[in-house]
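One structure is given here, and the rest of the page talks about it.
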Amino acid sequence: MSSVISDSFSIYGEQITSRLLIGSALYPSPAVMADSIVASGAQIVTVSLRRQQSAAAGDDFWQLIKDTGLKILPNTAGCHSVNEAITLAQMCREVFATDWIKLELIGDDYNLQPDPFALLEATQILLAEGFKVLPYCTDDLVLCQRLVDAGCEVLMPWGAPIGTGKGLLNKYNLKTIRERLPDTTLIVDAGLGLPSHACQALELGYDAVLLNSAIAGAGCPVTMSHAFKAAVDAGRFAYRAKAMPEKDVAAPSTPTMGMPFWHQQ
């Protein structure tokens, strides 16, 4: 286990050892949120300024987040235009005192798919302003390449539409992105529902996963946090171990000595 714990990855030069990033929305209560974040072992928690609540409740929420001691990754959730996303990113930098921004720019209200054209435009502007942009995008190879060409060191392609829990809908696309962008930090973000989905992402060579609904919407979020923590460790172990090659025919795992010759072919 120690070899995996020390096996870090980089987000804009900062070394991260936990391969599970966690969200802070939709939990049954603030206490459950705080306990789930701790149980996950995450080092990074995502937050949004677009929380609809009273000032007093907002103060309590921010204090809970601060008390976790985790690195805060603000996001632009809910933005539909370039100007809106840039304005919110600038506000986040002031409020959270960080240049990190998870850039979300919705293009379709039905499946919450990111707008690839606006996303690339906003990314270029924010990078020029000194932000360290983590764009939430689809599993489109060309878009991912354009984002890297613009200067992104981290990409966050989806596994499936936000909140669906469907897992990795297109493993081929995700695998291709990993192979074609070997030096880019890749984090699967959105659509995961089960610990096995997170394990599969790590088995593909992805550096981490980001979760919210899968934990917050579980029957017991704290227990599910433990499950996802174990899953990302298992996935990373498997990736480093290198899986056996698949075969089209059965192959015995027991010795063939003493077996009839026609069984030894």
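Couple of notes before you dig in:
- Selection within the range 131-143 - under 13 Å from W100 (Cα atoms) and open to solvent by 40 Å² or more (accessible area, probe 1.4 Å): K132
- Enumeration of residues in the range 40-59 that are at pLDDT below 75, open to solvent by 50 Å² or more (accessible area, probe 1.4 Å) and not hydrophobic (A, V, I, L, M, F, W, C): R50, R51, Q52, Q53, S54, D59
- Filtering the range 19-52 to residues that are in a helix (DSSP H, G or I) and in contact (Cβ under 8 Å) with a residue 12 or more places away in the chain leaves P30, V32, M33, A34, D35, S36, I37, V38, A39, S40.
- Qualifying residue in the range 227-250 (condition: within 13 Å of the chain's Cα centre (by Cα), part of a helix (DSSP H, G or I) and closer than 30 Å to G130 by Cα): no
- Residues in the range 170-198 that are touching an Asp or Glu at 6+ places or on another chain (Cβ under 6 Å) and within 17 Å of A238 (Cβ to Cβ): L174, L186.
- Subset of the range 67-86 [assigned to a helix (DSSP H, G or I) and open to solvent by less than 40 Å² (accessible area, probe 1.4 Å)]: T68, V82, A85, I86
The values are calculated or read from the model by the stated rules, or taken from the named source; none is laboratory data. Only a predicted model underlies this, so the values are computations on that prediction, with no experimental measurement involved. Using ideal geometry, Cβ is built from the backbone for each residue, glycine included, and neighbour counts are taken over all protein chains shown. Surface accessibility is based on the protein's heavy atoms, side chains included, excluding ligands, DNA and RNA. Shrake-Rupley method; radii C 1.70, N 1.55, O 1.52, S 1.80 Å.
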